[in-house]
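In what follows, a single structure is set out as C-alpha cells and then discussed.
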Amino acid sequence: MGEDGESPKINHSFLRDYVTEADVISTVEFNQTGDLLATGDKGGRVVIFQRETESKGESEELGESGEYNVYSTFQSHEPDFDYLKSLEIEEKINKIRWLPQQNAAHFLLSTNDKTIKLWKVSERDKRPEGYNLKDEEGRIKDISTVTSLRVPVLKPTDLMVEVRPRRIFANGHTYHVNSISVNSDGETYLSADDLRINMWHLDITDRSFNIVDIKPANMEDLTEVITAAEFHPHHCHLFVYSSSKGTLRLCDMRESALCDKHSKIFEEPEDPGNRSFFSEIISSVSDVKFSHSGRYLLTRDYLTVKVWDLNMEKGPVETYQVHEYLRSKLCSLYENDCIFDKFECVWNSTDSVIMTGAYNSFFRMFDRETGRGVTLEAWRESSKPRAVLRTRRVYTGGRRRRGDVGVDSLDFTKKILHMAWHPAENIIAIAATNNLYIFQDRVNPENQ
C-alpha cells in the first residue's frame, strides 16, 4: 500500500498523440441543409453529427448557431477478401455523399474500394405495445391461451436513431473506387475507379451502365488514370472527370451512351522550362468540384489549386499557390511518398472563397475577389470554445517574423486532406488525422 511514489508514471502526452490507423478520418461531408455532418474513417465506421438548435435565441446572442454533437455511429464496411485476385479489400470509407432529403428520413451513400452502400437514417420516438401473439418480453405466446384480440397502440419512448442498409451496389468495379457523385435528377449517381466510370440507378443494385472506359486493349499502353469525377449540380446530363495527367474532361451524356469522347477538355500547357522528373506527379489532379452556380470548376494538384471557367478550355482563369515553398523539397517528398498525397478542395456557399489543405495541420483559404490567401492551423488550442483561429506563415526567406514556421520544421505527418464547407453558412469541417475540427465565422465580432 504505501508505495504510490514508486508506481510507474503514465505518459499522457504519448496516449494523447497515439492514433490507431482505423481511427484516421478519410472523408467528411455535410448534407444539403448543413444540419448533419458525416465522417468516415479507415476502420469502416461512419459517424454522423447533428447540429443542435434548441437554444437558438441564446446562441445567436453569443455569435454562435449550435454545436455539432454525435447523432449516430455505425459500421458501414468490414474487411473483405477478393478470392479471385487474392487481394484484401480494406474497410476504409473512401467517400460519403448525402441524397437530397425527400421525407423525414435521411439517406447517404458510402463506399470503400469496391462496394457502395445506401443507408437510411431515421428516428423513432414511439414503440408499439399490446401484441396479440407476443408477450411483454417479445416471446411468442401459445395460441391456445389467446382468448381476446387487442389493438396494439403506439406509446412514447426515448428517441432512437436507426441506421439500416437499404441497397448494396457490389461487383461494379474492378479497380478502386475513388469518387461517387449523386445526380441532380435525384434518381441516379456515378461511381468512378481508376479506369472506368459507372452510372447507377438508386433502385437497381444488380447492374450499372458504363459511361466512361479508358482501359486500353494492352495495359502497357496505359498513360493516365481517372482520379476524380462529379456530376454537374444542375444539368443531369453533364459530368466531369479528372486525370493523373492534369486534364479535365467534360462529358455530355446526350451525345452518346459511352462518353469516351469528351465534349470539352481543359488543360494547361506545360512550361518546358519547368519540366522535371516530378512534373507529371505534381500535375495529377487529386480533386475536382463544380461551383454551386455550375459555371466554374475547382481543381487541386499537389502544389496549386485552380479555378476553370466552363466556357474557356485553354487554361485556368485563376491559379493559387498552396505551398510553392515545397517545390525545392520534391525529392525528399517523393522518397517519403508524401508527393502522392491526395488533397481535397471545396467552395464556400457563394463560390467567393475556396479552401484546401496542406501539411503541419495547416489549411489555406483564398479570396477570389482579392486573390489573397491565408494560412490557418487546425490544432488543439484552436478547438477550445470561442478560440480564434491563428493565421500562420511559413518562412521562406527575408525577414523572419515571430511565430513563423520554417520549411524544414514542417511536420509532414500532420496533413489536412479532407474537409467540407457548410452549404449555406461560414462553417467548415476539417479532418486532421483522427480529429474533426468544426470552425464557425464570427457573427458578432464585438461579442467575441
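Of the residues 409, 283, 263, the one that moves most in a GNM of the chain with alpha-carbon contacts below 10 Å is 409. Unpaired Cys in the chain, meaning no second Cys C-beta under 4.7 Å: 236, 331, 338, 345.
Above 17 angstrom, tally the Cα pairs of segment 206-247 and express them as a % of all pairs, no decimals. Walk me through the intermediate numbers first.
On the way: 402 of 861 pairs.
Here the long-distance tail beyond 17 Å is 47 percent of all Cα pairs in segment 206-247.
Over all directions, the projected convex hull of the C-alpha atoms in segment 62-215 averages 15.7 nm² in area. May I ask for the longest run of the chain untouched by chymotrypsin sites (Phe, Trp or Tyr not before Pro) that are loop-located per DSSP and have at most 11 neighbouring C-beta atoms (other than their own) within 10 Å? That gives 84-276 as the longest site-free run.
I need the shape label for segment 253-314. Rule: rounded when a/c is under 1.5, else prolate if a/b > b/c, else oblate, with a, b, c from the alpha carbon gyration tensor.
Prolate, because a/c is 1.5 or more and a/b exceeds b/c.
Remark: segment 177-262 projects, on average over all directions, an area of 5.7 nm² (convex hull of Cα atoms). If the viscosity is 0.692 mPa s and the temperature 37 °C, what Stokes-Einstein diffusion coefficient in µm²/s follows for segment 289-359 when Rh is the Kirkwood radius over Cα pairs? Rounded, D is 249 µm²/s. In the chain, Cα pairs under 8 Å separated by at least six residues give a relative contact order of 10 percent. All C-alpha to C-alpha distances of segment 190-317, sorted into 5 Å bins beginning at zero, yield P(r) values of 2, 10, 20, 23, 20, 13, 7, 3, 1, 0, 0 percent in whole numbers.
Considering only 149, 211, 173, and ranking their Cα positions along the charge dipole of segment 146-280 that arises from unit charges at the beta-carbon of Lys, Arg, Asp and Glu, the one farthest toward the positive end is 149. Dipole of segment 287-400 computed with +1 at Lys/Arg Cβ and -1 at Asp/Glu Cβ about the Cα centre; of 312, 340, 394, farthest Cα towards the positive end is 394.
Please quote Rg/Rh for segment 333-375 to two decimal places, taking the Kirkwood radius as Rh and restricting both calculations to Cα atoms.
On the way: Rg = 12.6 Å, Rh = 11.6 Å.
Computed over Cα atoms, the ratio is 1.08.
Debye calculation, C-alpha points only, no solvent: report log10 I(q)/I(0) for the chain at q = 0.07, 0.13 Å⁻¹, in the same order as the q values. Normalising to I(0) and taking log10 leaves -0.42, -1.28. Starting from segment 188-265, pick out the trypsin sites (Lys or Arg not before Pro) whose DSSP state is loop and whose Cβ has at most 13 other Cβ atoms within 10 Å. Here the trypsin sites (Lys or Arg not before Pro) that fit, given the DSSP loop and packing criteria, are 207, 254, 261.
Among the GluC sites (Glu not before Pro) within segment 131-204, which fall in a DSSP loop and have no more than 11 other Cβ atoms within 10 Å of their own Cβ? Don't skip to the answer; put the middle values down first.
On the way: sites: 136, 137, 162, 187; in loops: 136, 137, 187.
Those that pass, being in a loop and sparsely packed, are 136, 137.
Net charge dipole, the chain: roughly 460 debye, given to the nearest 20, about the Cα centre with Cβ charges of +1 for Lys and Arg and -1 for Asp and Glu. Qualifying trypsin sites (Lys or Arg not before Pro) in segment 304-398, where qualification requires a DSSP coil assignment and no more than 14 other C-beta atoms within 10 Å, comprise 314, 372, 386, 390, 393.
Only the coordinates and a few stated rules stand behind these numbers; no lab work does. What you see is a predicted model; the values in this text were computed from it and never measured. Note that each Cβ is placed from the backbone with ideal geometry, even for glycine, and that neighbours are counted across all protein chains shown.
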